Amino acid sequence: PRAASRAVCASHPSREGPSRDGRPLVRGASAGADLSLSSADSSVCLDANTLSSLASNSHSLASNTVSAAGPSLTPPPVGSSVEPLAPRDERHLEEMVAAAAALQQRLALGDSAAPTHEREKGSDKLLAAFAEHASCNTSYAALLPDGMATPYFHKLLAWRLRTPWMAPALRDADEQAMGQAEPFAHISTVSRKADDADKALAVQRETLRLHIHQLTSASEMKAEQSAIGACDKLLGLFSRHSGDASQALPAHDGGSVLADEAPRPTEARYRRSASGEMREAGRIDEAALFMTEHGMLPLVHLLRVTTSSKVIYKLLELLNAILDHGSKVVCETACLLGVIPAVKGFVEPHNPQPTRLEAARFAHTMCTRSELTLQMFVACYGLPALVQLLLAPAASHELVLFSIDAIKSVLDMRGRSPRNDLCRSFAELGLLELLVSAMHEINRQHSLHAERASEIFLLFSCADTVVKARIATRKVLPELMQVIESPGGYTPGLVLKILRTIKHLCMGEAQHLDELQRAKAIPHLVTLLHRSDSTAEMKAQCVNALYLLCKISRSRQEEAAVSGVLPPLQALINGGSPLKQFALPIVCDIAKASKRARAELKQHKGVQFYLRLLSTEYWQEAALDALLVWLLDESTYVAKIIEAPQGVQALQVVMEVQNDSFANMLDPLRKIVYNSVPVCRALGKVDGALGVSPFVQALVKRLQHPSTLVRRLLLAMLESIYKQHQSPKQLVELHKLVPVVKKIKERDPGVLVQEIASQLYASFEAHAIL
């Protein structure tokens, strides 16, 4: 179909020429046939009568005209059920396709002065209405003259009109040879006349060009007053009010607000599209026209050569107005013209505050408008400029807010951006020390930006050890600890992000942990764990950080115990919290830390807690180790609690353990039995109701264990209990130990097991039990 339509287009007369208002026209074969059509005019209606006239004219043209190339035999489109037609009908089909193609060209190019998106919207609307007309879905017989055979052009025509194809303009090379009227020349020409709005737009365009020329002349002659005048006039065209421009601050989405929540008064006059473009209703795109008229070149040149602070301020104000008013394409084009190197130096502290503010607004725009402008800003060594905005900030905090937004955009850069290297670069520039002070300074008035600053610290804490080392310094860590020390003065989100930052630092090297200990991280974390207003997520981060801090350091374990970490951790364990797996190791390790730490355990019934823990799977071994260490240090105190019925029952649970940790628990249990006579006698005490010792009875049952090590340790405990028992003969008789020991002595494959059994059997003989 496309080949057929192009063949007919090449053989039909037409010519192009400018219209009265400068718009290109498509003319037919008849003289003066103006085919200009405005796509924005909704009065055009392509109905069945119009198409019938087209068919009639096309049929007449096909009947009276002989093509130099002869009849075309172009096949129908793929997938259609079109049957082969006679040459005359095929010619008719070609004429209809050519008419549809020319009509599509006419609709699409009728008003070239309108913006592209408006022209496409109008053309698509008219073509869709024509293609989806009811007549296209029923019969085409009514569209043709009476007595004429119905051709199979309807499927091809409908398909062509539904396809976004731009047909070439018709040529008039064979106009005189054809000698026929253009097929749809009878359709009345529709051309929108210039109205008051068009005249106003033309005036705006010429005014803008005049001011750009004035700015160019000022750049060439280095005339400061002329440059200031041109900037003022251009600012008026861009509808920028000086009061609003000086008060605008960055918002969360990259826009501008007076504070974190209040929008600018003038923003209601603008409509921002999804792509971030800003336009004022009823005006031309001055920013795009400014670029096409080469206005950015003299602006950049003046920024590079002028030394007047007044001129620089005006130029920066104009530049920000252009970038705010223009699309991201305008910003990207400005970057290519070298605007970033020309502006980034004006953020330095020695510049006047208004100049720094405009330069900061420019940096914020570059870092938040599009990914390409952000990459070009970083490539132009713009990171030092963002850090310098934090130096000597004003009381209104605008520079700090712009800097925080821009830095966050740099670190959130999508794609294969080297975030770790960017963090290193920022750290070397001294960002962390400045940012932590700025976070505290802006927290009260701009809490959202303070929280965004904490997000930056969180990103830095996820970097490599070099970056973490810059955070774990005495200039940064104490400032971060202020947030945990007084969480009520900050938002929960900020406190949570700082806690996550500290947790990531705890995952680093040992020197980072030492710095955290010197910064009093453990007392602050414990205090936050005690607070009733701490959220569950905050407590989770505190417990994780404490676990990492106390894992291998006895001094930090002692500090945690003295700071009061035991009550909240015990509450988490007893309540079955998911944090139990991090809290239990801390509590068990405190018993091994020092006497002072064990003194804190005494106050919170540590021995009873460990005995209860012997019933908890997977933590029995840690609890038994803690009891052994404490028993060896304070035997009298610990043994007094263990020899109670609850303590003996808890140790008996160890003998009934069926998992793999049973073998690991026997050695500390044997040491407890060996080193404490009261505990040993309590375990061997005969229960009057049962007639046996429950512990010894359980021990004898486990003597059949397949492991030689387990059997040796069990016999060693049995020997200790026998030697310390007050009635050893009764113990042997009640538990029938003689045949059990004799069997092990004679048949056990373990040499050490046989040796212990022989010694025990000899003891039985010495006490005349046999």
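The values are calculated or read from the model by the stated rules, or taken from the named source; none is laboratory data. What you see is a predicted model, and the numbers here were worked out from it, not measured in a lab. Note that each Cβ is placed from the backbone with ideal geometry, even for glycine, and that neighbours are counted across all protein chains shown. We work out accessible area using only protein heavy atoms, side chains counted, and drop any ligands, DNA or RNA first. Shrake-Rupley method; radii C 1.70, N 1.55, O 1.52, S 1.80 Å.
ARG596 meets the conditions (1) open to solvent by 10 Å² or more (accessible area, probe 1.4 Å); (2) over 30 Å from LEU548 (Cβ atoms) in every case but one. The failed one is (2).
For region 322-337, a residue qualifies if it is touching a Leu at 6+ places or on another chain (Cβ under 9 Å) and either within 18 Å of ILE404 (Cα to Cα) or not hydrophobic (A, V, I, L, M, F, W, C) (or both), and the qualifying residues are LYS328, GLU332.
Just so you know, in region 406-417 the residues that are in contact with a helix residue (DSSP H, G or I) (Cβ under 9 Å, 6 or more places away or on another chain), assigned to a loop (DSSP other than H, G, I, E, B) and over 10 Å from ILE456 (Cα atoms) include one that is most open to solvent (accessible area, probe 1.4 Å), and it is ARG414.
Residues checked against (1) buried (at least 20 other Cβ atoms within 10 Å of the Cβ); (2) within 22 Å of HIS530 (Cα to Cα); (3) acidic (Asp, Glu):
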residue	(1), (2), (3)
ILE404	yes, no, no
ASN420	no, no, no
LEU431	yes, no, no
GLY489	no, yes, no
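Taken together, the criteria place TYR610 among residues that are aromatic (Phe, Trp, Tyr) and without any contact (Cβ under 8 Å) to a residue 40 or more places away in the chain. Looking across region 301-310, the residues that are assigned to a helix (DSSP H, G or I) and surrounded by fewer than 21 Cβ atoms within 10 Å (Cβ to Cβ) come down to HIS301, ARG304, VAL305, SER309, LYS310.
Scan region 426-463 for residues that are β-branched (Val, Ile, Thr) and within 16 Å of the chain's Cα centre (by Cα) and the total you get is 1. Selection of region 630-642 for residues being open to solvent by less than 50 Å² (accessible area, probe 1.4 Å) and without any contact (Cβ under 8 Å) to a residue 40 or more places away in the chain yields TRP630, GLU634, VAL638, ILE641. Per this entry, PRO567 is not counted among residues that are over 22 Å from LEU459 (Cβ atoms), surrounded by 15 or more Cβ atoms within 10 Å (Cβ to Cβ) and more than 28 Å from the chain's Cα centre (by Cα). Among residues that are assigned to a helix (DSSP H, G or I), more than 19 Å from PRO694 (Cβ to Cβ) and modelled with pLDDT of 90 or more, LEU632 is included.
Of everything listed in (1) in a helix (DSSP H, G or I); (2) open to solvent by less than 30 Å² (accessible area, probe 1.4 Å), the single unmet condition for ALA394 is (1). Pairing each residue of region 678-696 that is open to solvent by less than 10 Å² (accessible area, probe 1.4 Å) with any residue that is among the basic types (Lys, Arg), provided the two are 6+ apart or on different chains, yields C-beta distances under 9 Å for CYS680/LYS723; SER693/LYS685; PHE695/LYS685. Within region 553-561, not a single residue is open to solvent by 50 Å² or more (accessible area, probe 1.4 Å), among the basic types (Lys, Arg) and out of contact with any Lys or Arg (no Cβ under 8 Å at 6 or more places or on another chain).
Restricting LEU666, LEU690, LEU699 to those that are within 55 Å of the chain's Cα centre (by Cα) and of a type in the set (A, V, I, L, M) reduces the list to LEU666. Scanning region 323-337 for residues that are open to solvent by 10 Å² or more (accessible area, probe 1.4 Å) and farther than 14 Å from SER370 by Cβ yields one hit, LEU337.
Taken together, the residues in region 201-251 that are open to solvent by 70 Å² or more (accessible area, probe 1.4 Å), over 22 Å from ASP324 (Cβ atoms) and either part of a helix (DSSP H, G or I) or at pLDDT below 80 (or both) amount to 8.
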